[in-house]
Amino acid sequence: MKYFVITIAFTLLFFSMCCKNEPTKPPDEIIKNPREYVWTVDTLTYPGSMQVYMKSIWASSPANVYVVGHNEDPGPGTMFHYDGIKWSTAHFHSADGGTISGAVDLFSVYGFGPNDVYAVGEHIFDNPAPPPNFLDSSLIIHFDGVQWREIQIPRMRGLVSVWGVNSQDVWAAGYYGSLYHFDGLWHRVLLDTTLSFGNIFGLSSTDIYTACARILDKDNQRDSTQYFMYHFNGSSWSPIDSSYEFPGYSQERFGFNLWGTTINIYSAYQKVYKKTGSSWTSILNTGLPFYSIFGTDDNNILVGGYGNQIYHFNGTDWFQFKQFSDAAKFCTSIWCNSKEAFIVSGDGSKTWIFHGK
């Protein structure tokens, strides 16, 4: 019996020593399942404005986040910045360092680090010979770590998307064939001026995609009967796919919203698609449209859309964050890394930022 007690005591001492010597991960290194995130919410407003509608988000880290969009007031409030503690409005300047005159909308933001960020959108001004009552022109602004400043370009129409392979290979796309490329200098790329581009995204400098639609008239009305997927092979853009939509009939083959990993590209609109070879395979269909898709890899993808439907894909199955569902709201943009996620939601008048970690 004495030997049995000694053996137990020795065993307990041994395991106690092992447990004490085993290294533990600091809390900030623990990677949590996104489906178990704890979420907080911030409401973005601007004094005196009845409409603050953010449309795009990008971050270099969870402590350096930008969202851009529309503010009813022509002044500040079209861009907000999060420093890890609070949200505040961000200011930008004209090319000569002054104030950008007139109304401005921003549609997309993308960067390559905290000191190298782009946002694109449009100048809005009265049309002296309506219709339409208002006209738009291209706007590109850049943050160099000190200030946001407009870039001088030959103006076309409004821009809706910006993306790049690296800081020396950047694309911006928008209405009426408005397409720009930066390779050390910004220059216009000539393409079909009847096209209205959507999201632009690529896997490399020779493998870039954008979805677009025909524009029917000068009011920027899209032809909803036919959409195109354009591809850039490193030297030229060309259509590689198309889909059709008629009253009572839809043959959607891909979505307008694009995102990808190092090996795969995904698109989302009426459904979520994955590009397989030369075709697109549907991987999620809820019956409601999706407006945003983002992730860290093929096993961590977030999509969001109409009715504030937010889904997560872990490489095996889809999970819905039902706490966000709201018929009056819709998700416009998502950013995440392996530990945190930001979801931009709005109802056309107000903007909410859901932050999960």
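The values are calculated or read from the model by the stated rules, or taken from the named source; none is laboratory data. What you see is a predicted model; the values in this text were computed from it and never measured. In this analysis, Cβ positions are derived from the backbone assuming ideal geometry, glycine residues included, and neighbour counts consider all displayed protein chains.
Only one entry in ASP126, ASP96, ASP116 is surrounded by fewer than 21 Cβ atoms within 10 Å (Cβ to Cβ), at pLDDT 95 or above and of a type in the set (D, E, K, R), namely ASP116. Among strands (runs of 3 or more DSSP E) entirely within the range 54-100, having at least 2 residues that are over 27 Å from ILE293 (Cβ atoms) and over 15 Å from the mean Cα position of the chain (by Cα) singles out 87-89. Look at (1) in a strand (DSSP E or B); (2) out of contact with any strand residue (DSSP E or B) (no Cβ under 6 Å at 6 or more places or on another chain); (3) free of Cβ contacts under 8 Å to residues at least 40 places away in the same chain; (4) hydroxyl-bearing (Ser, Thr, Tyr) and you find that THR286 fails only one, number (1). The residue that is farthest from CYS336 (Cα to Cα), among those in the range 48-91 that are touching a Lys or Arg at 6+ places or on another chain (Cβ under 9 Å) and surrounded by fewer than 21 Cβ atoms within 10 Å (Cβ to Cβ), is GLN51. Residues considered: HIS231, HIS312. Of these, the only one that is more than 23 Å from ALA173 (Cβ to Cβ) and not in a loop (DSSP other than H, G, I, E, B) is HIS312.
Which of the residues that make up the range 317-357 are surrounded by 14 or more Cβ atoms within 10 Å (Cβ to Cβ) and hydroxyl-bearing (Ser, Thr, Tyr)? Once the filter is applied, which keeps residues that are surrounded by 14 or more Cβ atoms within 10 Å (Cβ to Cβ) and hydroxyl-bearing (Ser, Thr, Tyr), the range 317-357 yields THR332, SER333, SER345, THR351. If only one of SER345, SER267, SER238 is more than 27 Å from PRO62 (Cβ to Cβ) and of a type in the set (Ser, Thr, Tyr), which one is it? None of the others qualify; the one that does is SER238.
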